[in-house]
Amino acid sequence: MRKLLTKAGHYIQKVIDFTYPPFRRFMPLRLYRYGVCGCTNVVFDWVLYFFAYNFILQYRLIDMGTIVISPHIASLVIIFPVVTCSGFLLQKYVTFTASDLRGRVQLFRYLMVILTNLLINYAGLKMLVDGLGFYPTPSKMIITIVTVACSYVGQNKFTFRTAPHPGEADAAVPSDPDK
């Protein structure tokens, strides 16, 4: 399975890299790959959310016996595992391929960042939809802007970080003039 995912990742990288030249002046390739993969996953997220909210749940409350879940929160719960898997695979096999961390460590860290984003999503939906009366799908889109920024920092600096190469760690720390 890993071989298939690696091969698919290389193919997707080639497609993304083909469209990179006009953006070369504005951003590094890794940020561009992150943006394309992220935007693709965000659109996938929005489409799944729209279908879950409008066609699966059909605007109905979900009565769980002791609690009732609103359809906009239930939609978030339905799409979360699917979008999490697609996002992890895109980031691992397309964007952050140089990470030296083991896959299970990456997955655990990815889930930590994503769970933080889930809390932001939940709080944002509660505030925008329940508190301010906004429509659910546009509210989800607004919240996505916040979570994308949090996610990039988390994925780049924590989940898929790479070990410093020999000499890099020394170059980053100024030398002590007294030695």
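Things worth noting here:
- Residue match in segment 12-30 (condition: open to solvent by 60 Å² or more (accessible area, probe 1.4 Å), under 23 Å from Cys85 (Cβ atoms) and over 19 Å from the mean Cα position of the chain (by Cα)): yes
- Segment 58-114: number of residues that are in contact (Cβ under 8 Å) with a residue 60 or more places away in the chain, in a loop (DSSP other than H, G, I, E, B) and open to solvent by 60 Å² or more (accessible area, probe 1.4 Å): 3
- Any hit, segment 47-57, residues being surrounded by 15 or more Cβ atoms within 10 Å (Cβ to Cβ), in contact with a Lys or Arg (Cβ under 6 Å, 6 or more places away or on another chain) and assigned to a helix (DSSP H, G or I): yes
The values are calculated or read from the model by the stated rules, or taken from the named source; none is laboratory data. The model shown is predicted, which means the values in this text are computed figures rather than measured ones. For neighbour counting, all protein chains shown are included, and Cβ atoms are generated from backbone atoms with ideal geometry for every residue, glycine included. Protein only, heavy atoms only, side chains kept; ligands, DNA and RNA dropped before computing areas. Shrake-Rupley method; radii C 1.70, N 1.55, O 1.52, S 1.80 Å.
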